[in-house]
Amino acid sequence: MRKIKYKKGKKVQPTLLEYTGLHKYTQTEIQLFIYDDLNLAELNEFEVSEIEKHVDYSKVNWLNVHGLNDPDFIKEIGNYLNVDNFMLSDILNTTKRTKLDEYHDTLFFNIKSLLPDVDSNNINVEQISFLLKNGILVSFQEKRSDFFTHIRERIRTHSGIVRNKKADYLLFLLLDAIMENFYITIENEEDKVEELINLSKKSTDLALLEQIEKHRDNYNFLKRSIVPLRDSLYAIKSIKDDNVFDAIELNNFTFFERLHQKCLELLEQIEYDLTTLDSASNFFFSTQNHKMNEVMKTLTVVSVFFMPLTFIVGIYGMNFKFMPELEWKYGYFVIMGLMFVLLLGMIYYFKKKKWY
């Protein structure tokens, strides 16, 4: 799992565009949707220099870029949209935290998409960035994935209201699709935590405690990813209040407010799950303490059983010359019988008192 470095991210100069992610061998590809209520065009193979020829400013234009390992390719798109280099640098620098920038007539948004690793307890991270300008929405993904497949199908089949809305509504749908991954990740974590709680009630294996701490790290990682997203979505409200930025239509701000509410719900769920993890830790230590207490109780009972017997043995082990029982013919059998009866009496008494 890659960690989002908030303070010690790789320093990249804004004028020097460099991709800092893991998918350095992914071929950069572009896909363009041009649509309105009546028409739809979908282009998959073309050069960046041909974008101007295909874009129709009277319609919604969605340019989706897969692969960020070609900075020159990304710079060409930035030059076409007349986007500042610091935004392009943030697109390529995957160590940056989630952020929202409103600069002149451009809205920039980047977000961390999280999904569970099916083969481990790790979380897979991918940075996705968006540029919204003049009715053109550009999305940048580190690799080809199926996050937006259902949105493409909605556009192709004219399902819902997406074809009746502008690019800002499309941005909402894409952000909402990414946030669904947070729900999937949290649900996956909750299933594993439930298993850990059941195990913690009966196991004292230290590997269990390591798993609990691993999932605690995952939840804290989720929290660190959602908090800046919550803040960014809240910042969209200030854009609405400024009333000077028209990249988002006034009646579409309510959709972004819904996303903000989802962030609050996710954070509340994470806090609840962290409390549940604390319960798993408490169960583990309680089980461990209970097992230790049982061992100590058993050892104590055994020790108490043998204390009077040891006392008797100690008396007859003394080297006094005159001990009448030593010369008695039945002395050995009487002492052994006495010890046996004493032991049985103690067992009966302890059992009656329910001390074991």
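Tabulated results
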quantity: The range 284-313, subset among the aromatic types (Phe, Trp, Tyr) and without any contact (Cβ under 8 Å) to a residue 40 or more places away in the chain, residue least open to solvent (accessible area, probe 1.4 Å); calculated: Phe285
quantity: Cβ-Cβ under 8 Å pairs, at least 6 apart or on other chains, the range 267-280 side of a type in the set (S, T, N, Q) and at pLDDT 85 or above, far side surrounded by 12 or more Cβ atoms within 10 Å (Cβ to Cβ) and in a helix (DSSP H, G or I); calculated: Gln269/Ile186
quantity: Scope the range 154-172; condition touching a Phe, Trp or Tyr at 6+ places or on another chain (Cβ under 8 Å) and open to solvent by less than 50 Å² (accessible area, probe 1.4 Å); matching residues; calculated: Ile155, Val162, Arg163, Ala167, Tyr169, Leu170, Leu171, Phe172
quantity: Per-region count, the range 89-124, residues within 22 Å of Ile184 (Cα to Cα), charged (D, E, K, R) and crowded, with 18+ Cβ neighbours inside 10 Å; calculated: 2
quantity: Hits in the range 70-88 - residues which are outside any helix (DSSP H, G or I) and either acidic (Asp, Glu) or buried (at least 18 other Cβ atoms within 10 Å of the Cβ) (or both); calculated: Asp70, Val83, Asp84
quantity: Among residues of the range 45-62, those that are outside any loop (DSSP other than H, G, I, E, B) and within 21 Å of Lys24 (Cα to Cα), counted; calculated: 1
quantity: Yes/no for Ser281 being small (Gly, Ala, Ser) and surrounded by 12 or more Cβ atoms within 10 Å (Cβ to Cβ); calculated: yes
quantity: Test: Phe350 is over 38 Å from the mean Cα position of the chain (by Cα) and surrounded by 14 or more Cβ atoms within 10 Å (Cβ to Cβ); calculated: yes
quantity: Residues (in contact with an Asp or Glu (Cβ under 7 Å, 6 or more places away or on another chain) and among the β-branched types (Val, Ile, Thr)) located in the range 116-131; calculated: Ile123
quantity: Considering residues of the range 48-66 that are at pLDDT 90 or above and touching a Gly at 6+ places or on another chain (Cβ under 9 Å) only, the residue farthest from Leu22 (Cα to Cα); calculated: Lys59
quantity: Unmet requirement for Ile236, which otherwise passes all of (1) modelled with pLDDT under 90; (2) open to solvent by 10 Å² or more (accessible area, probe 1.4 Å); (3) among the β-branched types (Val, Ile, Thr); (4) in a helix (DSSP H, G or I); calculated: (2)
quantity: For Tyr57: the one exception among (1) closer than 30 Å to Asp37 by Cα; (2) open to solvent by less than 10 Å² (accessible area, probe 1.4 Å); calculated: (2)
quantity: Hits in the range 207-223 - residues which are touching a helix residue (DSSP H, G or I) at 6+ places or on another chain (Cβ under 8 Å), under 14 Å from Asp273 (Cβ atoms) and open to solvent by less than 60 Å² (accessible area, probe 1.4 Å); calculated: Ile212, His215, Arg216, Asn218, Tyr219, Leu222
quantity: Tally of residues being surrounded by fewer than 21 Cβ atoms within 10 Å (Cβ to Cβ) and more than 20 Å from Tyr35 (Cβ to Cβ) across the range 127-145; calculated: 3
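The values are calculated or read from the model by the stated rules, or taken from the named source; none is laboratory data. Owing to the predicted nature of the structure, the values given are computational and were not obtained by experimental measurement. Please note: Cβ atoms are built from the backbone with ideal geometry, for glycine as well, and neighbour counts cover all protein chains shown. Each accessible area value is taken on the protein alone, full model and side chains, heavy atoms only, with ligands, DNA and RNA left out. Shrake-Rupley method; radii C 1.70, N 1.55, O 1.52, S 1.80 Å.
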